[in-house]
Amino acid sequence: MILILIRRNRNAAFLVVVLIIRYSLSMLRILPVLLLFLTFSSIQAQEDLAERMENAIKMLEDAGQAEPQTIAMMLTSAAEGYIQKGDFKTALARAERALQLSREHDLDPMMAFMTASKILNKTDDEVATGFLIRELQAPGSSNQYKKGVLKALDIHLAINGDQKLALQAAFELWKITHADSPGTDEEFWALWKYGNHCLTGKLYDLAGPALKDARALALEMGKPDLAANASRSLGMALMSLGKYEDARKLYEETLTLARATPNNPMLRFELQNFATLLLQMGELDEAEKMLEETEALSSNDFEVGIVKDLQNAIQLRRALSEGGEVDLSGVIAMQKEVVAEKLKNTAAGEEFAYLGATADFIALASFQILAGDLDGAEESLADAARGADAWEENSRKAQKSAVFSADQVNLSMADIRAGIFEFQQQIDVARGNLEAALVTAENGRGTAQAELLRERLGLEPSDRVVKELDARAIAKIAANHRTTFVVYSLAHSFAPMTRGHFSQSDPRQHPQFLYVWVVSPEGKYTFRSIPLKGSITELVQLARQEIMSKPEEKPKGEPLSILSELLIGSIREDLPTEEGASVTIVPQGQLFLVPFAALKLEGETTMIDRFTIGMSPSIELMELAAERRKAVEVAGNKEILIVGNPTMPGYQSRPDRDAHALSPLPGAEAEAKYLGQALKTVPMIGDDATETAIVERMESARFLHFATHGLLETESGYNQSFLSALAFAPSPGEDGFLTAKETARMNLRAELAVLSACDTGRGQISGDGVIGLTRGYITAGVPTVVVSLWPVNDQATAILMGNYYQAMMRGEGKASALRAAILETKKKFPNPQLWAPFVLYGLAQ
C-alpha cells in the first residue's frame, strides 16, 4: 500500500520522507528542512490530494479492506491536502480520526501528530505544544503511542525553538525506548537524539555520557556505522568549542568506524567533515588528500561543488600565508567553478539551483571586492539576491503549508540577505557612493521586525522581506524625530561560509572595518571608515567587565576608554552641540551590548552628560513606532500597570535538577510601592501578581512597569532567547514565565514598557538585531521600551525609576526623562555599573 501511495500520491511521499529525514537530524533548522520541502514539493502532483485520499478511503471501506494502519496514513495525507487548500478545520478532523485509529490499534501516531500540530501551530505554537503534552499524559496510552507523541513533540519543539522542552521530550523517549526495546537500533537513535539535544543546550556533562553510551551500544550490536554517528556528534561539538586536537581523535574514530561498514554511503560525508576540521587546524596538505578521496566518492554536481569549495578554501589559506600582496585570481577562478557545479543541480528547476548557490555567490563577491573587481562583485551579489528570492518564494510555500511561521521565515530571510547587504555596502564605499552605502546599511537590518510591525499596523504583509528606504526617506525620518542618527555597520573581509574554514581564534573571523554614518535632523550626513585591529566582540566584553567588576578585578588597559575612542572619537565633531540634544544609536552585532550612556566623550564627560540617548534596531523602525503610537493614542488607555516582587515561580535551570523558586526581590517591591504611590495606582505584588492576572490587564494599560526577575538563557542554550522571560507568580495553566514569544503575540496599546529587571535588553544577536524581550514588546505594539544591559542593583534602580517617573510627570519626554533620571542617580551612585544599564528603544517622546 505504501508503494501505491508513493506512486499515486507524491504529496504523501513528501510528507513521509520529510518527517523521516527530519527526525534523523541532530538539530532542526529552517534551511535543511526547507531544502527537503523544496526537493519533494517540486515533484508534487497537481491533483487535489484531499479528494484523492477521501475517494481512496471510501473505496477501501466499501470493499471491506479498511486496514487501520493504511487508513490512518491516508487520513493523515488527506489532512495535508486540506492544509494545502487552507481548510484547517477539516484537516484537523482528519488528523484527529487518524490519531483515534492509532490509539485503538496501537499504531505509531507520529505522522498524524505532526500534521495535527502543524494545523494548531498555524494559530499558536503553544496551543500545539499543549495539545501534544495532553496526549502524552492521557491515561491508558500504550508506550508505542507515547513514543509517537514524543517524536512528534520533539520535531515540533525543535522547529519552534523550545530547546528546553525538546530536551525533556528526548529524555522521556529514551527512557521508554530503553524499557521497551533495550539493545536495539531504536534505543540507539533515542539515546543519540537525547545526547545531541544536550549538545545543543551546551549541557556537555550530560551530552558526553549519553553519546558515549550510544556509541558503546552500537558497538555491542556490531554496528560500527551507527557508532560513527555518536563519535561524529562529539567531534563536531568539540570542534565548535575550538578543542581541535580532541575533535581530531573523535573524527579519526568516526572515519575508522565508517570504513568498517562496506559501501557505507556516509563515508563521503565523514571524509568531508574531517577535511573541514583539518582545514580549520591549518593541516592543509592532509585536508587536500582527504578531499581527493571525498571527490572520488561524490555522486552529483552539488557534492562536487562542496568539495571544490573546500579545495578553494585550502587555496585561499595558502595564498594568505604567503605574505605581501595577496593574489586572489586563482581563488576567484575556482569559486566560479564551485558556483558552476552548484548551478548544474537543476533537477528541481533553475531557481532551486540558484537557491543552493546563494552562499557561494556571496563568498565569490567577497573575493572579487578584495581583488578590486567591483563590477564582478555586484553581479555576484545580484545572483545571490536571485537565490535569496528563491529561498523566500519556497519558504512562503512551506509557511502556507504550516511548516514554519511567518516570523521564522522572516528571520531566516533577514539572516540570508544580511550577507548580501554587508558586501553591497562595501562596494558602495569603495566607489565613494557613501549615501548609497548608508541606504544599503539601513535596508539590510531590522527587516523581519519591520514586517511584523507593518502587519500590526494593518498593512498587507509582503511576499518578500525587503526594505526599500532611500536617502530622502532617511533624512525625513531624522527630521520628523528631531534626532541625530548614528548608524554603525561592521564590515568583514570574508563571507560567513569562508570564515567557517578558519579557526575560531583567526583574526579573519572578526570584522575588519567599522563604518559610521552620522545623519543630522537637517538631513546632512557624514561618514567614517575605521580599521579594526582586533576583536570588537572582545573589546565590548572587556569594557562591560571594566564597568561591572570590583576595582581589583578590572581588566588592564582601560578598555572602556578604548571603546569610547573607537565608537565616538572620530565623530565628536559631527555630533550636535546643543545640551541634551537627541542622539539615536543604530548599532549592529555586538554593539547592541554597548552602554553608550557611559562612553566617554571628552575627559570624564560621558555621552549621557551631553546628550539624550536612544537606540533603535533600524531607522525605519522609528517611523513605524511613530505610526503605532498614533494607534495607542486612539485607544486612549489610562491604566498604569505596575508589578513588583511577585511570588516567584519555580525555575528548573537544567533537566537533571529539581526546580527551585527564584529569590524574592524586596527592593523591587519597594520600587513598585513607591511608584504606585507616586502615580496613584495600586501595584500588583506577591500572590496577586500572577501571570494570568497581569496578561489580562496588559492590553488595556497605558504604562507597563515590571520590577521582577528577568531570565535570559541564550548563553547556555538550554532555553533560546525567544524564550527570554519575565518572572511572575504562577497560576493554573501558567508557569509564571511570560516569554518574549508570548508577549510578541499580544496586541498591546501601551505607550511605554519599562522592564526593570536584569539583562532585559540582551538576547540572541542576529541579522535582524537582538532577538529577546525588547523585540517581543516592540513587536506587540509598544513604541517605547526601557530595558537593562546587565544585572541591576535594587537600591540604585529604585531611585533611578523614581526619578524617571518624576521627570515624566514634569512633562519631559520619555528619553529626556531617562537622561534626567540617570544624571540624578549618577550624583548619588557615581559608579556607571549602577546608573548606566538602562537604555531606551524606540520613540523618545
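The values are calculated or read from the model by the stated rules, or taken from the named source; none is laboratory data. Bear in mind that the values here come from a model prediction, so they are computed numbers and not experimental data. Note: ideal-geometry Cβ built from the backbone for every residue, glycine included; neighbour counts use all protein chains shown. Surface areas here come from the heavy atoms of the whole protein model, side chains and all, with no ligands, DNA or RNA. Shrake-Rupley method; radii C 1.70, N 1.55, O 1.52, S 1.80 Å.
For this structure, a couple of remarks:
- Residue match in the range 79-90 (condition: at pLDDT below 85, on the phi > 0 side of the Ramachandran plot and either open to solvent by less than 80 Å² (accessible area, probe 1.4 Å) or not in a helix (DSSP H, G or I) (or both)): yes
- Residue within the range 163-186 that is touching a Lys or Arg at 6+ places or on another chain (Cβ under 8 Å), aromatic (Phe, Trp, Tyr) and open to solvent by less than 40 Å² (accessible area, probe 1.4 Å) present: no
- In the range 478-512, the residues that are in a helix (DSSP H, G or I), surrounded by fewer than 21 Cβ atoms within 10 Å (Cβ to Cβ) and over 24 Å from the mean Cα position of the chain (by Cα): ALA479, ASN480, PRO507
- Residues located in the range 628-669, provided they are open to solvent by 40 Å² or more (accessible area, probe 1.4 Å), of a type outside the set (D, E, K, R) and within 17 Å of CYS758 (Cβ to Cβ): ALA661, SER663, PRO664, PRO666
- Residue ID - surrounded by the most Cβ atoms within 10 Å (Cβ to Cβ), chosen from residues in the range 333-355 that are closer than 16 Å to ILE420 by Cβ and within 26 Å of the chain's Cα centre (by Cα): LEU355
- SER549 vs. criteria in contact (Cβ under 8 Å) with a residue 60 or more places away in the chain and surrounded by fewer than 18 Cβ atoms within 10 Å (Cβ to Cβ): no
- From the list PHE361, PHE352, PHE367, PHE302, the lone residue that is part of a helix (DSSP H, G or I) and under 19 Å from PHE502 (Cβ atoms) is PHE367.
- The one condition from (1) closer than 28 Å to ASP506 by Cα; (2) open to solvent by 10 Å² or more (accessible area, probe 1.4 Å); (3) part of a helix (DSSP H, G or I) that CYS198 does not meet is (2).
Residue by residue, here is whether (1) outside any loop (DSSP other than H, G, I, E, B); (2) not aromatic (Phe, Trp, Tyr) holds:
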| site | (1), (2) |
| --- | --- |
| ARG103 | yes, yes |
| ALA112 | yes, yes |
| LYS118 | yes, yes |
| VAL127 | yes, yes |
| LEU136 | yes, yes |
| GLY140 | no, yes |
| TYR145 | yes, no |
| GLN168 | yes, yes |
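- Subset of the range 130-152 that is among the hydroxyl-bearing types (Ser, Thr, Tyr) and open to solvent by 20 Å² or more (accessible area, probe 1.4 Å) - its residue that is modelled with the highest pLDDT: SER142
- Number of residues in the range 830-845 that are more than 19 Å from ALA757 (Cα to Cα) and in contact with a helix residue (DSSP H, G or I) (Cβ under 9 Å, 6 or more places away or on another chain): the value is 3.
- Looking only at the range 221-254, residues that are open to solvent by less than 50 Å² (accessible area, probe 1.4 Å) and assigned to a helix (DSSP H, G or I) come to 20 in all.
- If you filter the range 804-829 down to residues that are part of a helix (DSSP H, G or I) and among the basic types (Lys, Arg), you find that the one that is nearest to the chain's Cα centre (by Cα) is LYS814.
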